[in-house]
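Just so it is clear, none of the values below were taken in a lab; they were calculated from the coordinates. Just so we're clear, the structure is a prediction, and the values are computed from it rather than from any experiment. Every residue, glycine among them, receives a Cβ derived from its backbone with ideal geometry; neighbour counts consider all protein chains shown.
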Amino acid sequence: MKIYLVGGAVRDQLMGYPFKERDWVVVGATPDDLLAEGFQQVGRDFPVFLHPKTKEEYALARTERKNAPGYYGFQCDSNPNVSLEDDLLRRDLTINAMAMDDEGNIIDPYHGKDDLKAKILRHVSPSFVEDPVRVLRVARFAARYYHLGFRLADTTRNLMYEMVRRGELKHLVAERVWQEWYRSLGEKNPEQFILTLKKCGALQIVLPEIYALFGVPSAPHYHPEVDSGIHTLMVLSAAHNLTNDLSVLFAALMHDLGKAATPINLWPSHHGHEESGLAIIMNLCERLRIPADFRKFALLVTKFHLTIHRLFELKASTIVDILESTDAFRRRQIFEKLIIVCKADAAGSGKDDDYPQANGWYELLSACEKVGAQEVIADGFTGEHIKNEIHQRRVALVKNVIKTWKNDEKQ
């Protein structure tokens, strides 16, 4: 029995890049051998075991043979005669097909180190086309290493085109699409995940709602970048510069989906795209089984982002209505996340200012927070009158703040 460190840990260690997880492959062993050592078997489709102490994953070396469409259409062979080179051959990219023995020696039969040095994402073998998830994984690695100058090998991009042409991506399961998309949001350049899928023809199959934005114009006065798809990716990049909260980055991608539903004869105006975007988001989230907290926040952003931008045009009563409708008084942190997306939206339109609406909304929210239910009850209000009185007092406070702003402008 021989044990090797494999995959991402080897790759990132060679790059000096941080990594959290370590995966191991075991050559020359049977499931009974590992069970006798105290390992716990967890894999159903192929033998994967948890180390009795570290709980890290140890997989028996295996080969895979395609026998049906899709991610699960493989027959695995993990007999003790499967070599390390056989196991590495089934992996997606050469930079992921390296191993390290217990003395620190690198086993690199498919020249992953050369591709690391050349900064190329290249498939290991023609069997790359057999697993549709690999298209998503390559896009995620493009998002992860773009800032280091990595590029996709032309031959690999051609294989991805071929997978799209053959309809292999139609066999992707929702959980794997979301898993790779979710992980891409946390990478250095999450917009490259979308662009890589678009360049190989996969975006219109995997995320047609986002694909539909490309080629849809917006008014140049508000969006110098014009194209709604380009704007969306600019917003995503801007959001990434402001926060590492993945729900914010997801909402940044979702906020303008309604523009794709605007009839062509109305372009470049998109009146009402906030409302039309809500149903699109709901359908997307249901199809890909996206977590409820991501869905709810994306819907909130889509519904309110334009009114957040228009702060200095709004009446005091409307401002309070928005603060109450977004639940800003009970969940201020959610409202602050909404402001971050709106700030990124402004940056994604080429605006270089500091987005004064942000400080304006925070000042108004803080002023309104001075109104408490106990104070209103102490003044004799009861039942439904309590809620109405709180609202009216908030409106009065907002009016005072707005009056102060106007006086400051005059000075």
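Points to keep in mind about this one:
- Coupling constants for the range 316-329 follow from the phi torsions by the Karplus curve (6.51 cos²θ - 1.76 cosθ + 1.60, θ = phi - 60°), and in residue order they are 4, 5, 5, 4, 5, 4, 5, 4, 6, 5, 8, 6, 5, 7 Hz; glycine and proline get x.
- Close amide H partners of Gly43, meaning residues 5 or more places away or on another chain with modelled amide H under 5 Å apart, are Val48.
- Signed unit charges on C-beta, dipole axis of the chain, positive-most listed residue Leu197, Pro263, Thr30: Pro263
- Charged-residue dipole, Cβ positions (Lys, Arg, Asp, Glu), the range 1-111 about Cα centre, Debye nearest 20: 340 debye
- Cα-based helix-to-principal-axis angle, 356-368 vs the chain, degrees rounded to 10: 60 degrees
- Rounded, prolate or oblate (a/c below 1.5 giving rounded, otherwise prolate when a/b exceeds b/c) for the chain by Cα gyration tensor: prolate
- Alpha carbon centroid spacing (whole Å) that separates the range 116-153 from the range 345-391: 48 Å
- Over 20 Å between alpha carbons, listed pairs Lys315/Lys403; Lys198/Lys343; Lys198/Lys259; Lys199/Lys337; Lys198/Lys296: Lys198/Lys343; Lys199/Lys337; Lys198/Lys296
- Ordering Asp108, Asp12, Asp131 from the fewest to the most neighbouring beta carbons within 10 Å gives Asp12, Asp108, Asp131.
- Taking amide H as placed 1.01 Å from N in the peptide plane, Ile120 has its amide H under 5 Å from the amide H of Arg151, each at least 5 places away in sequence or on another chain.
- In order along the range 291-299, the phi-based Karplus estimate (6.51 cos²θ - 1.76 cosθ + 1.60, θ = phi - 60°) of 3J(HN,Hα) comes to x, 4, 5, 5, 4, 4, 5, 4, 5 Hz; Gly and Pro are listed as x.
- Crossing angle, helix 133-145 versus the chain [Cα axis fit, 0-90 degrees, rounded to tens]: 70 degrees
- The coefficient of translational diffusion for the range 1-51, derived via Stokes-Einstein from the alpha carbon Kirkwood radius under 4 °C and 1.567 mPa s, stands at 106 µm²/s.
- Where both bridge residues fall in the chain, DSSP classifies roughly 75% of the beta bridges as antiparallel.
- Listed residues Thr196, Thr318, Thr63, most fluctuating in the chain (Gaussian network, C-alpha, under 10 Å): Thr318
- Student exercise, the range 76-184 dipole from Lys, Arg, Asp, Glu Cβ charges, in Debye to nearest 20: 820 debye
- Per-residue ³J(HN,Hα) for the range 247-257, Karplus 6.51 cos²θ - 1.76 cosθ + 1.60, θ = phi - 60°, Hz, x for Gly and Pro: 5, 5, 5, 4, 5, 4, 6, 8, 4, 10, 4
- Cα gyration tensor, the range 9-142 - rounded (a/c under 1.5), prolate or oblate: oblate
- For Asp23, the amide hydrogen comes within under 5 Å of the amide hydrogens of Val6, Ala9, counting only partners 5 or more places away or on other chains and with H modelled in the peptide plane.
- Residues Asp77, Asp92, Asp408, ranked from the fewest to the most other C-beta atoms within 10 Å, line up as Asp408, Asp77, Asp92.
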